[in-house]
Amino acid sequence: MSLIKVQNLTKQYPDGETALKDVSLEVKSGEGIVLLGANGSGKSTFLRCLVGLEKATSGKILIDNQDIVSSSKKQLQEIRKKIGVVFQKFNLVNNLSAFQNVLFGNLGQSNKGFWSSLNLTASSEEREKAMECLARVSMAEFADRRTDTLSGGQRQRVAIARMLMQDPEIVLADEPVASLDPRAGREVMNLLWEIIEEKGLTVMCILHQLDFALEYGERLVGLQKGSLTLDRSAANINKKELNWLYEAEKVVKNYA
Amino acid sequence: MLNQNELSVNMPARLKKPSLWFWLGSLVFLIFFLQGIVAAGITSDRVMQGIFNLGSFFARAFPPDIERFGSIVQAMLETINIVVVGTSFGILFSFPLALLASNNTSPHPIIRNATRTLIALFRTVPDLVWALIFIIAVGLGPFAGILAIIVDVMGFCGRFFSERVEELKPGPIEALRATGASRVSVILGSVIPAAFPSFVGSSLFAVEKSIRSAVVLGLVGAGGIGVELNTSMTLFKYDEALTIILIILAFVIGVEQASSRIRKKFI
């Protein structure tokens with residue numbers, strides 16, 4: 001049975017621009033998918049639709065058999081709890097401490113809501129768990145630092161700790177290392193994949209670096225102008241074929 | 001080779017002819033300006049007389065009379081009370097108002113527009129007019145002053161808080177939404193902390209503004225030092241009036257200094 005099941009997903013913006021056209025995809029529990037595509041191919045929109053940050057125009061997105069597209073606000077919140085998101089720009093609350101940011105990973109989990117995620121009022125178990133998450137990404141010593149005083153790599157580690165705090169089944173990562181230098185990028189990528197493997201999480205990750213894509217992805221999915229044009233196991237694909245994805249414009253014109 | 005004739009034809013004029021609206025606008029302005037001078041009866045005689053009168057006011061005001069120092073200080077304390085209580089409630093009420101009025105936190109466009117209109121109303125009606133209205137409602141005294149300050153601060157802070165909230169980067173807000181957090185949790189966890197330094201800055205400006213307002217509020221009977229100043233003036237006790245003015249001056253300057261120091265520390 002599939003954990004994520006996308007059926008005929010179409011996303012059209014109010015200005016008439018079609019970001020996604022009839023995309024269908026099934027992801028099994030524990031699979032590691034790398035999403036590829038040129039700028040504007042719709043891959044970010046796709047990921048955002050999966051967690052309901054963008055509302056799909058038509059189609060279905062089933063997460064654990066629950067449809068995100070037709071769900072109510074409350075149901076959407078329930079589904080989101082299972083999905084951890086890692087962003088390109090980290091998206092931490094910058095004038096708070098790393099520790100507080102990690103605690104916020106708990107926001108959706110507890111029924112007590114905000115107060116169980118605030119440093120001042122969180123229970124000692126929750127605070128301990130947040131420290132463990134920070135320690136897992138080797139950031140325990142920076143717990144009390146404001147995140148705007150940390151480097152890019154350190155901030156992404158904190159963001160990963162926040163995702164860990166959430167205890168998700170699925171991880172969506174939107175170019176998690178695109179804002180980092182090559183070395184920090186490599187470290188963060190290794191860390192993220194270690195954690196994913198250790199917890200047996202299902203992951204869908206947008207990457208721009210083809211080397212990374214081939215190295216980390218089990219299954220590569222490519223989007224071109226909003227349509228799914230590639231879906232293959234990483235074992236039987238080479239870099240040349242991937243480059244083709246980024247020459248979309250030319251190819252489409254030639255065949256038009 | 002350049003065609004000399006073509007160059008001179010295409011050269012922009014030194015001055016473009018102003019439109020009819022410009023002439024019309026200038027004419028209207030000029031009429032109101034001249035009519036204003038005539039209507040106010042500004043003549044050189046009166047200007048001279050005015051300077052002389054000012055001189056005699058200061059002559060009678062010196063030395064400042066400190067006979068009623070105690071009751072003046074007490075009235076000043078009332079003004080401080082009005083400022084502290086009014087501004088505190090005003091800032092407190094501004095938070096929900098601003099969140100309802102900002103397009104990234106408001107639950108519904110209708111609510112957003114309604115609160116925006118309310119804030120605009122609070123801001124556009126002058127504080128003295130609010131004071132007059134509240135005097136009718138709750139009678140003369142500091143309570144009317146407090147209500148006037150609350151409304152005035154809500155008009156000011158409501159707008160600046162909401163502008164700051166709308167400028168916030170969407171990233172951190174989305175990150176918390178994506179964890180499955182409720183709307184309130186997202187606002188408490190990301191909107192408020194991210195906008196907090198700016199909230200402090202605006203609130204300090206509101207304090208400075210409220211002090212100047214609160215002083216004047218007494219003139220219409222809404223409590224505080226303004227009442228004393230009004231009485232001294234109408235009884236021609238200019239030396240006592242000067243004492244009051246000096247106390248106000250010292251206090252306002254003191255608060256503005258303190259406020260700018262706190263602001264520097266915070267932002």
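The values are calculated or read from the model by the stated rules, or taken from the named source; none is laboratory data. Keep in mind it's a predicted model, so treat the numbers as computed, not measured. In this analysis, Cβ positions are derived from the backbone assuming ideal geometry, glycine residues included, and neighbour counts consider all displayed protein chains.
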Quiz item: For the stretch A:122-129, does any single residue satisfy the condition of being under 11 Å from A:Ala161 (Cα atoms) and not in a strand (DSSP E or B)?
Solution: yes
Quiz item: Hey, any hits in the stretch A:56-63 for a residue that's surrounded by 14 or more Cβ atoms within 10 Å (Cβ to Cβ) and not in a strand (DSSP E or B)?
Solution: yes
Quiz item: Of the conditions (1) more than 14 Å from chain B (Cβ to nearest Cβ); (2) of a type in the set (Asp, Glu); (3) under 30 Å from A:Val34 (Cβ atoms), A:Asp167 fails just one. Which one is it?
Solution: (1)
Exercise. State all residues of the stretch A:108-121 that are at the interface with chain B (Cβ under 9 Å from one of its Cβ atoms) and either out of contact with any Ser or Thr (no Cβ under 8 Å at 6 or more places or on another chain) or part of a loop (DSSP other than H, G, I, E, B) (or both); if no residue qualifies, say none.
Key: A:Gly108, A:Gln109, A:Leu118
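Among the listed residues A:Glu187, A:Glu198, A:Glu194, which satisfies the condition of being charged (D, E, K, R) and either crowded, with 22+ Cβ neighbours inside 10 Å or in contact with a Gly (Cβ under 9 Å, 6 or more places away or on another chain) (or both)?
Numbers: A:Glu198 fails: either crowded, with 22+ Cβ neighbours inside 10 Å or in contact with a Gly (Cβ under 9 Å, 6 or more places away or on another chain) (or both); A:Glu194 fails: either crowded, with 22+ Cβ neighbours inside 10 Å or in contact with a Gly (Cβ under 9 Å, 6 or more places away or on another chain) (or both).
None of the others qualify; the one that does is A:Glu187.
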Quiz prompt | the stretch A:72-82 - residue that is more than 7 Å from chain B (Cβ to nearest Cβ) and outside any helix (DSSP H, G or I) and, of those, farthest from A:Leu207 (Cα to Cα) | solution = A:Ser72
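Among the candidates B:Val28, B:Val9, B:Val84, which residue alone is without any contact (Cβ under 8 Å) to a residue 60 or more places away in the chain, loosely packed, with under 10 Cβ neighbours inside 10 Å and of a type outside the set (D, E, K, R)?
Values: B:Val28 fails: loosely packed, with under 10 Cβ neighbours inside 10 Å; B:Val84 fails: loosely packed, with under 10 Cβ neighbours inside 10 Å.
The unique qualifying residue is B:Val9.
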Quiz item: Quick one: is A:Gly217 at positive phi, in contact (Cβ under 8 Å) with a residue 24 or more places away in the chain and more than 14 Å from chain B (Cβ to nearest Cβ)?
Solution: no
Quiz item: Can you tell me which residues in the stretch B:145-177 are within 13 Å of another protein chain (Cβ to nearest Cβ), surrounded by 24 or more Cβ atoms within 10 Å (Cβ to Cβ) and not charged (D, E, K, R)?
Solution: B:Pro172, B:Ala175, B:Leu176
Quiz item: If you go through the stretch A:128-136 one residue at a time, do you hit one that is within 14 Å of another protein chain (Cβ to nearest Cβ) and either surrounded by fewer than 24 Cβ atoms within 10 Å (Cβ to Cβ) or of a type in the set (Val, Ile, Thr) (or both)?
Solution: no
Quiz item: Is at least one residue of the stretch B:220-230 more than 9 Å from chain A (Cβ to nearest Cβ), polar (S, T, N, Q), part of a helix (DSSP H, G or I) and more than 19 Å from the chain's Cα centre (by Cα)?
Solution: yes
Quiz item: Is it true that some residue in the stretch B:88-101 is touching a Gly at 6+ places or on another chain (Cβ under 6 Å), buried (at least 23 other Cβ atoms within 10 Å of the Cβ) and of a type in the set (S, T, N, Q)?
Solution: yes
Quiz prompt | the stretch A:137-149, subset charged (D, E, K, R) and part of a helix (DSSP H, G or I), residue farthest from A:Phe212 (Cα to Cα) | solution = A:Glu141
Quiz item: So A:Lys28 clears everything in (1) without any contact (Cβ under 8 Å) to a residue 60 or more places away in the chain; (2) closer than 30 Å to A:Ile237 by Cβ; (3) surrounded by fewer than 19 Cβ atoms within 10 Å (Cβ to Cβ) except one condition, right? Which one?
Solution: (1)
Quiz item: Listed residues A:Leu180, A:Leu230; which is out of contact with any strand residue (DSSP E or B) (no Cβ under 8 Å at 6 or more places or on another chain) and within 23 Å of A:Gly40 (Cα to Cα)?
Solution: A:Leu180
Exercise. Filter the stretch A:83-107 down to the residues that are of a type outside the set (Gly, Ala, Ser), within 19 Å of B:Ser182 (Cβ to Cβ) and in a strand (DSSP E or B), then identify the one that is nearest to the other protein chains (Cβ to nearest Cβ).
Key: A:Val85
Exercise. Determine if the stretch A:42-49 includes at least one residue that is out of contact with any Lys or Arg (no Cβ under 6 Å at 6 or more places or on another chain), surrounded by fewer than 19 Cβ atoms within 10 Å (Cβ to Cβ) and either within 27 Å of A:Gly153 (Cβ to Cβ) or hydroxyl-bearing (Ser, Thr, Tyr) (or both).
Key: no
Quiz item: Which residue, of A:Asp231, A:Asp167, A:Asp181, is at pLDDT 90 or above, among the acidic types (Asp, Glu) and touching a Leu at 6+ places or on another chain (Cβ under 8 Å)?
Solution: A:Asp231
